[in-house]
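Can you read through this structure? Questions will come right after.
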Protein chains: 2
Amino acid sequence: MEEKIPYKIYLEESEMPKQWYNVRADMKVKPAPLLNPGTGQPLKAEEMCGIFCEELVKQELDNDTKFFDIPEEVRNFYKMYRPSPLVHATFLEKALGTPAKIYYKFEGNNTSGSHKLNSAIAQVYYAKKQGLKGVTTETGAGQWGTALSMACQYFGLDCKVYMVKCSYEQKPFRREVIRTFGADIVPSPSDTTEVGRKILAEHPGTTGSLGCAISEAVEVAVTNEGYRYELGSVLNQVLLHQSIIGLETQAALKKYGIKPDILIGCTGGGSNLGGFAAPFLGEMLRGEANYKIIGAEPASCPSFTRGVYAYDFCDTGMICPLAKMYTIGSQFIPSANHAGGLRFHGMSPILSELYHQGLFEARAYEQTAVFDAAVTFAHAEGILPAPESSHAIRAAIDEALKCKETGEEKTIVFNLSGTGNFDLYAYKQFNEGTMTDSIPTDEEIQEALSKLPKVE
Amino acid sequence: MEEKIPYKIYLEESEMPKQWYNVRADMKVKPAPLLNPGTGQPLKAEEMCGIFCEELVKQELDNDTKFFDIPEEVRNFYKMYRPSPLVHATFLEKALGTPAKIYYKFEGNNTSGSHKLNSAIAQVYYAKKQGLKGVTTETGAGQWGTALSMACQYFGLDCKVYMVKCSYEQKPFRREVIRTFGADIVPSPSDTTEVGRKILAEHPGTTGSLGCAISEAVEVAVTNEGYRYELGSVLNQVLLHQSIIGLETQAALKKYGIKPDILIGCTGGGSNLGGFAAPFLGEMLRGEANYKIIGAEPASCPSFTRGVYAYDFCDTGMICPLAKMYTIGSQFIPSANHAGGLRFHGMSPILSELYHQGLFEARAYEQTAVFDAAVTFAHAEGILPAPESSHAIRAAIDEALKCKETGEEKTIVFNLSGTGNFDLYAYKQFNEGTMTDSIPTDEEIQEALSKLPKVE
């Protein structure tokens, strides 16, 4: 007999995963390698070591090792906010009147407000281990910058965060959290870097972009002795660290004999779905199980649903390596929307290859429909979700409502990757009915895709 | 043998308290009754029922019933965010280099951001049960207004929140959370009430006060059919509901055989310390144990440490009942500080009587020392604490540092009542070194105390 399922399932400390899972090891066709944009050849470890820590470069390039030990120091830090609960959303089920069973893994219960901390602490640990002085990064919505500042504070490393200028100005409170954790935070473009000064000279009134902030952070990392650059999504190493979400979810489900039918995560660069779904995708790759897995993306930046699978730059500035991925073009400028964490033109190479292989499906959602789901969820479950995570909520609610029509008792599990406590300007627009959607035209996407780099 | 103590202790659902504990039942000398300010006589149930729900009036007046069943509907809601963890603050211990064992009960892990939800959901439940249409309240810092809006959304009641105008303007995001949960929120003083219009006419530029907001909320409750007023602190009923914090703490400590020496909570109106410490005070009253219990209050509003134990009005407007309590005078206007939730001239009558009996001690802390403790805590334990709660952190750190000097391994348990995610303007001031302290002079306090009402 199964035990009664509690509203919130917490793993015991002793049940916590001690290794990260590398889904690449179970892929017959591996994700395509990153290419050096100058030579068009796969990036070698020695080319990456000037930018990233050595241990992280190894993780980035390793397509074969199935499990990586989580260092004890990282597991110690995880204890502060992990295990995160797997919640049986009985209040939402009731509000929807659905026979479906809905569960969500809640990754927002930490001060950074999202799952980003899982990889930040790992990346900073390896930087510390390598004897570095500090790390640099960019941040848009702010979750990643907050996470990295917390991790650097913990390990005693310098942290320099380039924050997209419009976010820096619109989110003074997010900025203040980062500063409270001791990081140096600079609005980008800035006059602290060559690339920043160049952009400022060419576009004096610009409010910045992620592409520009990445360029500045990378410049500082490669030109300062003892510094490296760290990134919060897209990369293989990030998905590896984020597998902790999926492994905990899997353990919690097994503990109570719950078999999921549908798994859902939102997708921007892929850190969230890629981590949450990894062990389930692994089961599918090994032929052990079959799940319906859904990536939920914004209609304003629809890499999976309207992009192509091709080599492209990871940044707008075209200084980063080329990745083979679903992309709507590195020159595509998504319209301003409130899910800043999902506003990225490309996608994790791992997820891209798995999507290409047909292992999961993707759906694009408009902003107002997403906030409508967010408020329904907040009223029922008492948590104010992040705009990004609310894409997954929208998909979960739609699936649950389908079950209501058909009478099926499917089990839906989604990842609630963060809270919306710093996104209240967006909720204000929604509450006041002034929120708009904006969907790129086919012409706009074709225009951006016409500028893809030529490879081979 | 004791089990190894995990970093976070969670009770199982089956271990959750099913009753609230009424510390008054164990008091030989009971707290003094509320008085009708017109007659000077103890308030009768029938006089209170126009303002409060009937069931809550019973709880307010009941000095003898030791345990009250927590209604099933309330326990269901508690499941959403309770049990809250009791955390073994090993990272803070290490940062301080103290032999003391430090634990904190973390009440901030819910969308309202504090312990206020524990009483809000109970109060709204009884309003619903009585068939009321809605409830009114005031809010200063915003936690209580958020909690009440969440509770009203859950039970489908109207909620009208009068928010002190300066907070309304300074905390647009806090306001937006309240609005997202469906409450009607009005900056006070407003032209929606007689008392509001009167104040606006007399003081056209005023940015409001808690006293004024209370007056408006009470006026709306008593002049509208089907409405009642609800209050988030001070009252006996509130301390009853908040005993859930102490009961869970006690159960978690017992589960691992941990014996506390020192218990600490911050004090504004008393809901936090009064709930957290209740079962421990009960043990002391019954002669079963002895603890050092500390109430931590702001030096800018020092009711316990510099006030008198006397009858006073609960509000600045002098329309509310008289309570016998530690007070620095209802006409005392504390200087603006960032712990809005502690800026109340008086104190819970229950805590006042227990303090008078010598069952616990109180300490007053200056704002900058409090934020210094807050940042130390955030860096060590990864949680950004509320300014209010940081008073308790200050006291806990001071006690732990004393242990470092003496080498004693005392066990310190404090209540971390909330998070500072909506208090970042305060952190900004602290980070930039522009935060100031302000301590009332003896003359200012004497002046306010000279206006205490004459009773007997």
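Determine whether B:V177 is open to solvent by less than 40 Å² (accessible area, probe 1.4 Å), within 14 Å of another protein chain (Cβ to nearest Cβ) and touching a residue at least 40 places away in the same chain (Cβ under 8 Å). Write out each step before concluding.
Numbers: open to solvent by less than 40 Å² (accessible area, probe 1.4 Å): yes; within 14 Å of another protein chain (Cβ to nearest Cβ): yes; touching a residue at least 40 places away in the same chain (Cβ under 8 Å): yes.
Yes.
Quick check on segment A:131-140. Is at least one of its residues closer than 22 Å to B:P85 by Cβ and either surrounded by 24 or more Cβ atoms within 10 Å (Cβ to Cβ) or out of contact with any Lys or Arg (no Cβ under 6 Å at 6 or more places or on another chain) (or both)?
Of the residues in segment A:131-140, the ones closer than 22 Å to B:P85 by Cβ are none.
No: zero hits.
Being more than 14 Å from every other protein chain (Cβ to nearest Cβ), at pLDDT 95 or above, in a helix (DSSP H, G or I) and open to solvent by 20 Å² or more (accessible area, probe 1.4 Å): is that true of A:Y154 here? Spell out how you get there, then give the answer.
Working: more than 14 Å from every other protein chain (Cβ to nearest Cβ): no; at pLDDT 95 or above: yes; in a helix (DSSP H, G or I): yes; open to solvent by 20 Å² or more (accessible area, probe 1.4 Å): yes.
No.
Which of the residues belonging to segment B:255-274 are small (G, A, S) and not in a loop (DSSP other than H, G, I, E, B)?
Kept after step one, since they are small (G, A, S), are these residues of segment B:255-274: B:257, B:265, B:268-271, B:274.
Listed by number, the residues that qualify are B:G265, B:S271, B:G274.
Picking from A:A396, A:A448, A:A373, A:A400, which residue would you name as being within 14 Å of chain B (Cβ to nearest Cβ) and open to solvent by less than 10 Å² (accessible area, probe 1.4 Å)?
Details: A:A396 fails: within 14 Å of chain B (Cβ to nearest Cβ); A:A448 fails: within 14 Å of chain B (Cβ to nearest Cβ); A:A400 fails: within 14 Å of chain B (Cβ to nearest Cβ).
So the residue among A:A396, A:A448, A:A373, A:A400 that is within 14 Å of chain B (Cβ to nearest Cβ) and open to solvent by less than 10 Å² (accessible area, probe 1.4 Å) is A:A373.
Can you report the number of residues in segment A:404-441 which are of a type outside the set (S, T, N, Q) and without any contact (Cβ under 8 Å) to a residue 24 or more places away in the chain? Walk me through how you get there before you give the answer.
At the first step, the residues of segment A:404-441 found to be of a type outside the set (S, T, N, Q) are A:404-405, A:407-410, A:412-414, A:416, A:418, A:420, A:422-428, A:430, A:432-433, A:435, A:437, A:439-440.
So of that shortlist, the ones also without any contact (Cβ under 8 Å) to a residue 24 or more places away in the chain come out as A:405, A:424, A:428, A:432-433.
Residues meeting the conditions: 5.
Scan segment A:121-130 for residues that are under 22 Å from B:A380 (Cβ atoms) and open to solvent by 20 Å² or more (accessible area, probe 1.4 Å) and jot them down.
Scanning segment A:121-130 gives A:Y125, A:K128, A:K129.
Right, next: Which residue, of B:A277, B:A252, is outside any strand (DSSP E or B), more than 22 Å from B:E361 (Cα to Cα) and in contact with a Leu (Cβ under 6 Å, 6 or more places away or on another chain)?
Values: B:A277 fails: more than 22 Å from B:E361 (Cα to Cα).
The conditions single out B:A252.
Then there is this: Among the residues of segment A:85-92, are any in a helix (DSSP H, G or I), under 30 Å from A:A378 (Cβ atoms) and open to solvent by 10 Å² or more (accessible area, probe 1.4 Å)? Outline the logic, then answer.
Taking segment A:85-92 and keeping what is in a helix (DSSP H, G or I), we get A:90-92.
Retained after the next criterion (residues that are under 30 Å from A:A378 (Cβ atoms)): A:90-92.
Checking which are open to solvent by 10 Å² or more (accessible area, probe 1.4 Å) leaves us with A:90-91.
Yes, there is a match, as at least one residue in segment A:85-92 is in a helix (DSSP H, G or I), under 30 Å from A:A378 (Cβ atoms) and open to solvent by 10 Å² or more (accessible area, probe 1.4 Å).
Shifting gears a bit: Looking at segment A:192-214, is at least one residue within 14 Å of another protein chain (Cβ to nearest Cβ), part of a helix (DSSP H, G or I) and open to solvent by 40 Å² or more (accessible area, probe 1.4 Å)? Steps first, please.
Here is the first cut: in segment A:192-214, the residues within 14 Å of another protein chain (Cβ to nearest Cβ) are none.
No, there is no match, as no residue in segment A:192-214 is within 14 Å of another protein chain (Cβ to nearest Cβ), part of a helix (DSSP H, G or I) and open to solvent by 40 Å² or more (accessible area, probe 1.4 Å).
While we're here: Step by step: first the residues of segment B:420-429, then only those that are facing chain A (nearest Cβ under 8 Å) and not aliphatic (A, V, I, L, M), then the one that is surrounded by the fewest Cβ atoms within 10 Å (Cβ to Cβ). Which residue is that? Before you say what the answer is, go through the steps one by one.
Within segment B:420-429, the first condition is being facing chain A (nearest Cβ under 8 Å), and the residues that meet it are B:421-422, B:424-425, B:427-428.
Imposing the further condition that a residue be not aliphatic (A, V, I, L, M) reduces the set to B:421-422, B:425, B:427-428.
Details: B:N421: 20, B:F422: 23, B:Y425: 13, B:Y427: 23, B:K428: 17.
Of everything passing the filter in segment B:420-429, B:Y425 is surrounded by the fewest Cβ atoms within 10 Å (Cβ to Cβ).
Can I ask one more? Among the residues of segment B:45-61, is there at least one that is within 14 Å of another protein chain (Cβ to nearest Cβ), crowded, with 18+ Cβ neighbours inside 10 Å and in a loop (DSSP other than H, G, I, E, B)? Don't jump to the end; show me each part of the working.
Going residue by residue through segment B:45-61, those that are within 14 Å of another protein chain (Cβ to nearest Cβ) are none.
So far as segment B:45-61 goes, no, none of its residues is within 14 Å of another protein chain (Cβ to nearest Cβ), crowded, with 18+ Cβ neighbours inside 10 Å and in a loop (DSSP other than H, G, I, E, B).
Looking for whichever is closer than 21 Å to B:G270 by Cβ and touching a strand residue (DSSP E or B) at 6+ places or on another chain (Cβ under 6 Å) here; the options are B:G134, B:G113. Which one fits?
Details: B:G134 fails: closer than 21 Å to B:G270 by Cβ.
Of the residues listed, the single one that is closer than 21 Å to B:G270 by Cβ and touching a strand residue (DSSP E or B) at 6+ places or on another chain (Cβ under 6 Å) is B:G113.
Still on this structure, I have one more. Which pairs have Cβ atoms under 7 Å, sit 6 or more apart or on different chains, and link a residue in segment A:106-127 that is in contact (Cβ under 8 Å) with a residue 24 or more places away in the chain to one that is of a type in the set (K, R)?
Going by the 7 Å Cβ cut-off, the qualifying pairs are A:A127/A:R228.
Out of contact with any helix residue (DSSP H, G or I) (no Cβ under 7 Å at 6 or more places or on another chain), under 24 Å from B:P298 (Cα atoms), at pLDDT 95 or above and not hydroxyl-bearing (S, T, Y) - does that describe any residue in segment B:248-268?
Initial filter on segment B:248-268 (out of contact with any helix residue (DSSP H, G or I) (no Cβ under 7 Å at 6 or more places or on another chain)): B:248, B:252-259, B:261.
If we keep only those that are under 24 Å from B:P298 (Cα atoms) as well, we get B:261.
With at pLDDT 95 or above added as a condition, the list becomes B:261.
Going one step further and asking which of them are not hydroxyl-bearing (S, T, Y), we end up with B:261.
Taking every residue of segment B:248-268 in turn, at least one turns out to be out of contact with any helix residue (DSSP H, G or I) (no Cβ under 7 Å at 6 or more places or on another chain), under 24 Å from B:P298 (Cα atoms), at pLDDT 95 or above and not hydroxyl-bearing (S, T, Y).
The values are calculated or read from the model by the stated rules, or taken from the named source; none is laboratory data. All of these numbers come straight from a predicted model, not from anything done at the bench. Don't worry about glycine lacking a Cβ; one is built from the backbone with ideal geometry, like all the others, and counts go over all protein chains shown. Just the protein is used for accessible areas: all its heavy atoms, side chains included, with ligands, DNA and RNA removed. Shrake-Rupley method; radii C 1.70, N 1.55, O 1.52, S 1.80 Å.
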